[in-house]
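Notes follow the structure.
The values are calculated or read from the model by the stated rules, or taken from the named source; none is laboratory data. These numbers were taken from a predicted model, which means no experiment stands behind them. Because the Cβ atoms are built from the backbone with ideal geometry, glycine has one as well, and the counts that use them run over all protein chains shown. Please note that ligands, DNA and RNA were not included when accessible areas were found on the heavy atoms of the full protein model with its side chains. Shrake-Rupley method; radii C 1.70, N 1.55, O 1.52, S 1.80 Å.
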Amino acid sequence: MSHTMVMGVINVTPDSFSDGGRWLDTSAAVAHGLELITQGAEVLDVGGESTRPGAERVSEDEELARVLPVIEGLRVPAAATGVGLSVDTMRAAVARAAAHAGATIINDVSGGLADKRMLGTVAGLGVDYVCQHWRGFGREMAAAAEYDDVVAEVRDELGARCRAAVDAGIAPERVIADPGLGFAKTAEHNWQILAHLEAFTRLGHRVLIGASRKRFLGSLLKGRPVVERDAATAAVSAWCCAHGIWAVRTHEVCSQVDAIAVTEHLRSMT
Ligand code: PMM
């Protein structure tokens, strides 16, 4: 039976919507990563550029300066505990440097569209690749949230990007598909995708879901503030577990691990 893992987020950014500014200091970010491992995270995702709607891009040098020391600091403890180490980047150069520093997964929210060198670079690195559905940078994504049938269109566009990754030389078993909740999607679009997860698991790749603390959860819960959305996120994690999702990307780990353990226990009894 499949197991759903928790990917704990470490945003080394001043402006991410949920934890911006908290882990800008390298030692604080590494300590946070170690704590997430202790709490049961089986993958860590280190990001140096906020991808929230409306966000401005950071320079490549700035992104490298933010993520590399954190990846270097987490490399040995992650390897020793069998924890995957992911870098959240849209840049091929950052992907390459991060892999050399110890990253085992490249998490590209643009699915190879932001940097045309990305797919070929990842193919040469021999690491896993998260291929996310994407329709444009932070400033453009709200205007791109137009669909007739969001599930079919996101599935088809994501499937095409996963094929492009494989065509570029990334082994199919290394490709992880992610429908990209909140990326050029309204709250209703996100709910539709979550209600039809089988459309994405049928693509034939492992599937990652990132719902953590996102605005569509706050909207359902009548404006619940960002840091009070972990119970809602845990409900999504349980749902994802019940639908064969490989991993959930979350800011808080303990309650997600618990929600998944309960779901997996019940599933083992049916
Ligand atoms: N969401 C965010 C950032 N990176 N990566 C993947 N693969 N999937 C996501 O849904 C995703 C992501 C935005 O959240 P953050 O700014 O709090 O990290």
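Scanning the stretch 20-49 for residues that are within 12 Å of the ligand (Cβ to nearest atom) and buried (at least 20 other Cβ atoms within 10 Å of the Cβ) gives 23, 43, 45, 46, 47, 48, 49. State yes or no: is residue 205 out of contact with any Leu (no Cβ under 6 Å at 6 or more places or on another chain), surrounded by 23 or more Cβ atoms within 10 Å (Cβ to Cβ) and modelled with pLDDT of 95 or more? For residue 205, the condition - out of contact with any Leu (no Cβ under 6 Å at 6 or more places or on another chain), surrounded by 23 or more Cβ atoms within 10 Å (Cβ to Cβ) and modelled with pLDDT of 95 or more - is met. For the condition within 15 Å of the ligand (Cβ to nearest atom), open to solvent by less than 20 Å² (accessible area, probe 1.4 Å) and either in contact with a Leu (Cβ under 9 Å, 6 or more places away or on another chain) or among the polar types (S, T, N, Q) (or both), residue 211 qualifies. Which residue is surrounded by the most Cβ atoms within 10 Å (Cβ to Cβ), if the candidates are limited to the stretch 1-16 and must be part of a loop (DSSP other than H, G, I, E, B), touching a residue at least 40 places away in the same chain (Cβ under 8 Å) and within 12 Å of the ligand (Cβ to nearest atom)? In this case the residue turns out to be 12. Only residues that are open to solvent by 20 Å² or more (accessible area, probe 1.4 Å) and closer than 21 Å to residue 11 by Cβ were counted in the stretch 214-230, giving 9. The residue that is nearest to residue 21 (Cα to Cα), among those in the stretch 38-94 that are of a type in the set (Asp, Glu) and within 18 Å of the chain's Cα centre (by Cα), is 49.
Taking each residue of the stretch 207-224 that is touching a residue at least 12 places away in the same chain (Cβ under 8 Å) and looking for partners that are in a loop (DSSP other than H, G, I, E, B) and among the β-branched types (Val, Ile, Thr) with beta-carbon atoms closer than 6 Å, six or more apart or interchain, yields 207/245; 209/245.
Condition check ((1) touching a residue at least 40 places away in the same chain (Cβ under 8 Å); (2) under 23 Å from residue 122 (Cβ atoms)) across all residues:
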{"position": "18", "(1), (2)": "yes, no"}
{"position": "33", "(1), (2)": "yes, yes"}
{"position": "56", "(1), (2)": "yes, no"}
{"position": "75", "(1), (2)": "no, yes"}
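In the stretch 228-270, the residue that is nearest to residue 201 (Cα to Cα) out of those that are out of contact with any helix residue (DSSP H, G or I) (no Cβ under 6 Å at 6 or more places or on another chain) and basic (Lys, Arg) is 249. In the set (1) in a strand (DSSP E or B); (2) modelled with pLDDT under 95, the condition left unmet by residue 87 is number (2). Of the helices (runs of 4 or more DSSP H) lying entirely inside the stretch 207-270, those containing at least 2 residues that are touching a Ser or Thr at 6+ places or on another chain (Cβ under 7 Å) are 230-242, 254-269. Given (1) within 16 Å of the ligand (Cβ to nearest atom); (2) in a loop (DSSP other than H, G, I, E, B); (3) open to solvent by 40 Å² or more (accessible area, probe 1.4 Å), identify the lone condition not met by residue 146. Here residue 146 clears every test but (1).
Is it true that some residue in the stretch 70-83 is within 20 Å of residue 249 (Cβ to Cβ) and either part of a loop (DSSP other than H, G, I, E, B) or in contact with a Phe, Trp or Tyr (Cβ under 7 Å, 6 or more places away or on another chain) (or both)? The answer is yes, given that some residue of the stretch 70-83 is within 20 Å of residue 249 (Cβ to Cβ) and either part of a loop (DSSP other than H, G, I, E, B) or in contact with a Phe, Trp or Tyr (Cβ under 7 Å, 6 or more places away or on another chain) (or both). Could you say whether any residue in the stretch 175-189 is open to solvent by 60 Å² or more (accessible area, probe 1.4 Å), within 15 Å of the ligand (Cβ to nearest atom), within 21 Å of residue 106 (Cβ to Cβ) and not in a loop (DSSP other than H, G, I, E, B)? No - not one qualifying residue is present in the stretch 175-189. Every test in (1) open to solvent by 30 Å² or more (accessible area, probe 1.4 Å); (2) away from the ligand (no atom under 11 Å from the Cβ); (3) of a type outside the set (D, E, K, R); (4) part of a loop (DSSP other than H, G, I, E, B) is passed by residue 65 save one, and that test is (4).
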